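Structure first, then comments.
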Amino acid sequence: MSLPLGAYQALEDALGPKNVCDDPAVTTAYSYMWLLYSTHVQSGRYRPAAVALPSSTEEIQAIIQLANRYGFNYIPVGTNLLPPTIPVRPDTVIIDPKRMNRILKLDEKNMYAVVEPYVTYAQLQAEAHKVGLSITTPEAGSQVSVMANNLFQGMGGMGHKYGFNRGILACDWVLPNGDLLKLGSRGNNAAGWFWGDCAGVNLKGLVRADTGHCGGLGMVTTMSVKLFPYPGPRIYPVKGANPDFHMDLPKDRFCLKLIQFKSKHQLGDAMYDIGHSEIAGAVHEEGANWILADNCLSVEEFWERWPKFQHQWKNIMAVSLMGFSSPRQLEYEKKVLDDIVNDHEGTYLDENSDLYKTGSHAIGEALRCGMSNRLYRPAGDFFVLGGFGFDSIDHTIRTSEFMWPIIEDAYKKGHFVEDLSHSDWVNSYQMCHFSEVEPIIYFEHDIEAGATFINGYVGTIVEAVKRKMMPTWPLGPMTWITGPAMCNYHELVIGMKKLLDPRTTSNPGYPLPEVNPFPPPPAQ
Ligand SMILES: Cc1cc2nc3c(=O)[nH]c(=O)nc-3n(C[C@H](O)[C@H](O)[C@H](O)COP(=O)(O)OP(=O)(O)OC[C@H]3O[C@@H](n4cnc5c(N)ncnc54)[C@H](O)[C@@H]3O)c2cc1C
């Protein structure tokens, strides 16, 4: 776990001795990941050689220049939720931007904010709400970094209305050679932060993608992000105390409808009509196990209720209606939804029923997510068995159909928690113009179950590719499975990595490893 001779001293000289640390008590904390399988097989094996805490773009440039001079690797991180933030080799420095946690600007009139890398959604939303604005927060939780999330997915609970990964405007980006590149309006002298595009070719696509580059192409140090209208109170109306809290949103502007359909296809058709009618702020099919986990005050309560609940919660869509412009908008949207529900033989859950009460957090979670923190509790590990596959709603439903046999197989082996509801988390983005599915699974916190998860996850990619469908997001090495099936885009990505990071110091292995890690397929 050591750096090349002189490198640690050089980092201390650049950042100040207090802002570099190689104490094992600290570095160990950066070597573990919630996903147990990756913890054992990949992370946990290597503590980072050091953790560096820069306070400015210039200091980040200094670290990256030193990495090139001394030949060590670095990983830029946000709040470290994602597996690619864990070192997979010994000579890695974590660039942790904890000291860069300021909202540099909140432009109410032009509806954008400029943030440093450690600004969280909770932090930004609290400020944005004060001026009647908001931002879509990911189900990863409002505790994650706004910037990291926009670089990786950027798909939030309000994606139906606010859009999918549409938030990035201008950026300052330190390239792997240490140069500072300014994107969007930042590229024009004194043009400021308001615009993400520019005259001519724009490189924004290199920092923004379904999965982004995962720190493999340097570090973005400042970003402006788009904000959206928000018709709610200036202070988010949370009532109660963790773990028993709920959102008390004004009823003349916000309304949650939970609708049960006879089949997933009818649910999908209703979703299309909601999109065509351009109503609602958030539209999701909600998974049974996470709705229950979110509602239970203890793990014991979850396990007491789950055997019955998994028979009750099936094909249920949560539609969060919001009167953005006025209470009349909300009344109008309710009427439109009534017709759609009627046309597709849906049934509203009675607002006094236990089932409705169990799912009633869905509207608050769409606006300001916190539930994923609870999802790890019932079984130890949780994730989605692949999914994503951004395309039409029909594509989403077909994807779900080939995923469930893989999941069933795993719970028959005793590795995943049984889920007879077969309910997915299905999201609408951009008024149902596209969508994705994430079947949520709970599994034991052990190596065998973890291996089944990883194999199942890769299995979903293989199945999608076989069917010429859009696969699950292929993180890192998995891009070697999807690339050949999709115009060999992986070769283009390797070319970019080589061009921008010729010394391979920026999170090596991302966006993808240069060499195919998978054995060649059998001859047939
Ligand atoms: C349970 C769970 C649920 C999730 N749900 C959603 C969801 O609904 N919607 C969604 O959009 N995402 C979701 N995600 C993914 C999540 O958005 C990302 O994990 C998010 O980026 C985490 O934020 P973070 O601050 O922890 O980033 P980190 O995990 O610290 O970083 C994420 C990646 O970006 C790189 N990175 C971070 N900062 C920078 C930077 N400044 N410059 C260059 N590279 C950088 C890191 O190297 C890493 O590879 C989910 C993840 C989990 C684990």
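The values are calculated or read from the model by the stated rules, or taken from the named source; none is laboratory data. Because the structure is predicted, anything quoted here is derived from the model rather than measured. We place every Cβ from the backbone using ideal geometry, glycine too, and count neighbours over all the protein chains shown. Heads up: the accessible areas ignore ligands, DNA and RNA and are worked out on the full protein's heavy atoms, side chains in. Shrake-Rupley method; radii C 1.70, N 1.55, O 1.52, S 1.80 Å.
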Based on what the data block shows, is R47 of a type outside the set (D, E), modelled with pLDDT under 95 and in a loop (DSSP other than H, G, I, E, B)? yes
Result of the Cβ filter at 7 Å on the stretch 58-82, keeping first residues that are away from the ligand (no atom under 14 Å from the Cβ) and partners that are in a helix (DSSP H, G or I), at least 6 apart or interchain, is A62/A14; L66/A7; L66/A10; L66/L11; L66/A14; Y70/A7; Y70/A10; F72/A7
Of the conditions (1) within 16 Å of the ligand (Cβ to nearest atom); (2) touching a residue at least 40 places away in the same chain (Cβ under 8 Å); (3) open to solvent by 10 Å² or more (accessible area, probe 1.4 Å); (4) over 24 Å from the mean Cα position of the chain (by Cα), the single one that G132 does not satisfy is (1)
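Across the stretch 271-289, what is the total count of residues that are in a helix (DSSP H, G or I), open to solvent by less than 10 Å² (accessible area, probe 1.4 Å) and more than 13 Å from N427 (Cα to Cα)? If you could, list the steps in order and put the result at the bottom.
Keep residues of the stretch 271-289 that are in a helix (DSSP H, G or I), which gives 271-277, 288-289.
Going one step further and asking which of them are open to solvent by less than 10 Å² (accessible area, probe 1.4 Å), we end up with 271, 274-275, 288-289.
Still in the running and more than 13 Å from N427 (Cα to Cα): 288-289.
Number satisfying all stated conditions: 2.
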Going through the stretch 314-363 in order, the residues found to be outside any helix (DSSP H, G or I) and within 22 Å of H265 (Cβ to Cβ) are K314, N315, I316, M317, A318, V319, H344, E345, G346, T347, Y348, L349
Check: Do the conditions hold for G196, that is, is it more than 7 Å from the ligand (Cβ to nearest atom), over 17 Å from the mean Cα position of the chain (by Cα) and at pLDDT 95 or above?
Finding: no
Scanning the stretch 106-140 residue by residue, the ones that are closer than 26 Å to H213 by Cα and out of contact with any helix residue (DSSP H, G or I) (no Cβ under 9 Å at 6 or more places or on another chain) total 3
Of those in the stretch 55-76 that are touching a Leu at 6+ places or on another chain (Cβ under 9 Å) and assigned to a loop (DSSP other than H, G, I, E, B), the residue surrounded by the fewest Cβ atoms within 10 Å (Cβ to Cβ) is S55
Given (1) on the phi > 0 side of the Ramachandran plot; (2) away from the ligand (no atom under 13 Å from the Cβ), G163 misses just (2)
Checked the stretch 199-238 for anything over 19 Å from K498 (Cα atoms), of a type in the set (A, V, I, L, M, F, W, C) and open to solvent by less than 40 Å² (accessible area, probe 1.4 Å); matches are M223, V225, L227, F228
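Hey, any hits in the stretch 235-252 for a residue that's assigned to a helix (DSSP H, G or I), of a type outside the set (S, T, Y) and more than 24 Å from the chain's Cα centre (by Cα)? Even if it seems obvious, please write down each step before you answer.
In the first step, residues of the stretch 235-252 are kept if they are assigned to a helix (DSSP H, G or I); the result is none.
Among the residues of the stretch 235-252, not one is assigned to a helix (DSSP H, G or I), of a type outside the set (S, T, Y) and more than 24 Å from the chain's Cα centre (by Cα), which makes the answer no.
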Conditions (1) open to solvent by 30 Å² or more (accessible area, probe 1.4 Å); (2) under 22 Å from the mean Cα position of the chain (by Cα); (3) β-branched (V, I, T) -> I441 fails only (1)
